[in-house]
Amino acid sequence: MTSTDSQVFSASFNPLIRPYLVLYVGFFLVIMVFTIPLAIVWFCGVGQWWARHYFEKLECELGLMALRFRKGIIFQVEKTIPLENIQDVTFVEGPLLKYFHLSILKFETAGQSAGQAHNMRLVGIIDAHEFRNLILHRREAAKRAMSMSRSASDGSQADEQIEVLKGIRSRLDDIATLLRK
């Protein structure tokens, strides 16, 4: 994890994600018997090429108010998630991931539909536990900042309402005085 300035943190990705991706995709090509010829081509070089370029395109930056990540080769996905919308960050580690010293961070967001969930996961962040904790810490700070700004605006609205009510009271006193006369 590197800091480009005091406000933005850039996550670093483990280079072992490349052989993991080659094996992961190759496994699914092998278990579907009719794609075994594609698996051979995949393992002979196409997979390494794809994994290298995929790794080079991975980016993840955590700012004060949002998490931005980018991935993909032909179809690039760039997603910005406001921190106040993040409900949970799940840390996933399985046997194959442990072998490659990798983990997955999955993001659950407010208003997330099932079709969006697959794009909200990052594989291979170095020090994923620390990055997860930093995301959750920044999320709480963002929520506090939002609630403070709301309470400040609520306070100014309350002052305006008090002034309007004082004006109404003054008018009612004038009407009551006129009625008594």
Which one is farthest from Glu78 (Cα to Cα) among residues in the range 1-18 that are surrounded by 15 or more Cβ atoms within 10 Å (Cβ to Cβ) and of a type outside the set (S, T, N, Q)? Leu16
In the list Phe55, Phe28, which residue meets the criterion of being closer than 30 Å to Arg132 by Cα and loosely packed, with under 13 Cβ neighbours inside 10 Å? Phe28
Result of the Cβ filter at 6 Å on the range 149-170, keeping first residues that are farther than 21 Å from Met65 by Cα and partners that are surrounded by 10 or more Cβ atoms within 10 Å (Cβ to Cβ) and at pLDDT 70 or above, at least 6 apart or interchain, is none
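Take Gly124 and decide whether it is at positive phi and at pLDDT 90 or above. Lay out the reasoning, then the answer.
Numbers: at positive phi: yes; at pLDDT 90 or above: yes.
So Gly124 fits the description; yes.
The values are calculated or read from the model by the stated rules, or taken from the named source; none is laboratory data. Model, not experiment: these values are computed from the prediction. Note that we place each Cβ from the backbone using ideal geometry, even for glycine, and neighbour counts take in every protein chain shown.
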